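Values in this text are rule-based calculations from the coordinates and carry no lab data. Quick caveat, the model's predicted, so the values are computed rather than measured. Don't worry about glycine lacking a Cβ; one is built from the backbone with ideal geometry, like all the others, and counts go over all protein chains shown.
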């Protein structure tokens, strides 16, 4: 059996690992258009700040590929999938055959329309999604750099954090009225923003970049509110888009992402997809959408790998969840933060601390925890299991949660099954 995997990040690596664990004879080949072995994408801001050395960027051990007899082809771009011949055309007009194919092509930065912005010509303009971009950015900055970050989402804020104390100034721009608007409500966002501002990072919210100026590189950015900012480094981090072109041109069904079934199979026989390039079922919204999350990509890759070797394993529905820290402030946001008819309850609030629960029809459907993450696993389990809150031992809005919240019989199951809860 020839297993071919396009993509060398969380989904692709998890698939390759589980395939090799269960099939020691078939060939497993990973192709990647990057020049690095698999690395932890969440670590690129820590590399930028100097907290993580290059040798510690690896997602798996140095001997991961060799010890598992996995062939990895770096600097290799998949150009076309021939579904009839079961071949993938890569750069250099080389063709790679497969019996089972996994598309784990991830996502790419979304570049908005900004007057005079040209990534091909302006050498001080960056995205912040890959290790290569982080290296390039680190080589370009100086103590006198005036940095503008377009986007106050997770990627933009981590870029700003990584540059903190290394440049003269950092200003983050976003059209929304708050940071991380897709996963935080205003009170929670204000706590995060105030904490980040204490580290000499400025914000310009409810505005956007309408134009860049400069004879060669960007030297100024013009905001839609009329303000003009001096700029030596511009980072564009306003969002990502699933990489679906390869699948689409092969005739594979796509929508917002590559469409897969519960077994991670695409519309084409013997072709699977996983990770940020696919859309999958959201447990809470009960609809198919892209969930660009590292743990989700890893889980999907493993499920895809199992099914590529012949298992019939269904991928569980997932929901949005982000666990991140900014300058030591811990944040976990999960599920639906605002929903019509829901009760958004603050159970613990302080200057730098928040526990906010979103409850609808006797179910926990979302939560925000700031510097209060000791029991995040239990909250997650309550959402995932769709536990009726009225069946619990006490009201979770009135006291700190623990395994004691479950009835005795259920509590025993949780302890023995290790359902992801903090014991």
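Classify region 1-112: rounded, prolate or oblate, from the alpha-carbon gyration tensor (a ≥ b ≥ c, eigenvalue square roots; a/c under 1.5 rounded; otherwise prolate if a/b is larger than b/c)?
oblate
Based on the alpha-carbon gyration tensor of region 101-207 and its eigenvalue square roots a ≥ b ≥ c, which shape applies: rounded if a/c is under 1.5, prolate if not and a/b is larger than b/c, or oblate?
Taking the square roots of the gyration eigenvalues as a ≥ b ≥ c, region 101-207 is oblate.
Share of antiparallel DSSP beta bridges in region 1-134, in percent to the nearest 5? Intermediate values should be presented prior to the final figure.
Working: 9 of 22 bridges.
Just about 40 percent of them are antiparallel.
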Of all DSSP beta bridges in region 56-202, antiparallel share, percent nearest 5: 55 percent
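Give, in nm to one decimal, the length gained when the segment between residue 350 and residue 69 is fully stretched (0.36 nm per residue of separation minus the Cα-Cα distance).
Result for the pair: 95.9 nm of gain on full extension.
For region 47-139, state the average projected area of the convex hull of the C-alpha atoms over all orientations, rounded to one decimal in nm².
Directional mean of the projected Cα hull area for region 47-139 stands at 9.3 nm².
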With each run of n ≥ 4 DSSP H residues scored as -39500 (n - 2.57), what mean residue ellipticity at 222 nm is computed for the chain after dividing by its residue count and rounding to the nearest 500 deg cm²/dmol? -6500 deg cm²/dmol
FRET efficiency for residue 373 and residue 256, Cβ-Cβ distance as r, R0 = 35 Å, nearest 0.05? 0.70
Taking N as its residue count, the alpha carbon Rg of region 163-208 over 2.2 N^0.38 Å: 1.15
Would you mind checking region 60-102 for residues with the amide N under 13 Å from a putative spin-label position 7 Å along Cα→C-beta of residue 135? 75
What is the gain in length, in nm to one decimal, between residue 115 and residue 361 on full extension, counting 0.36 nm per residue of separation less the C-alpha to C-alpha distance? 83.8 nm
Which of [x] 4, 21, 31, 26, 13, 4, 0, 0; [y] 4, 20, 27, 27, 17, 5, 0, 0; [z] 4, 18, 26, 22, 13, 8, 5, 3, 2, 1, 0 is the computed P(r) over Cα pairs in 10 Å bins from 0, in percent? It is [y]
Determine the gain in length on full extension of the stretch residue 177-residue 21; use 0.36 nm per residue of separation and subtract their C-alpha separation, reporting nm with one decimal. 51.4 nm
Ordering of 362-369, 160-167 by packing [mean C-beta count within 10 Å, highest first]: 362-369, 160-167
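Based on DSSP, what percent of beta bridges with both residues in the chain are antiparallel, to the nearest 5?
On the way: 50 of 86 bridges.
Given both bridge residues lie in the chain, the antiparallel proportion sits at roughly 60 percent.
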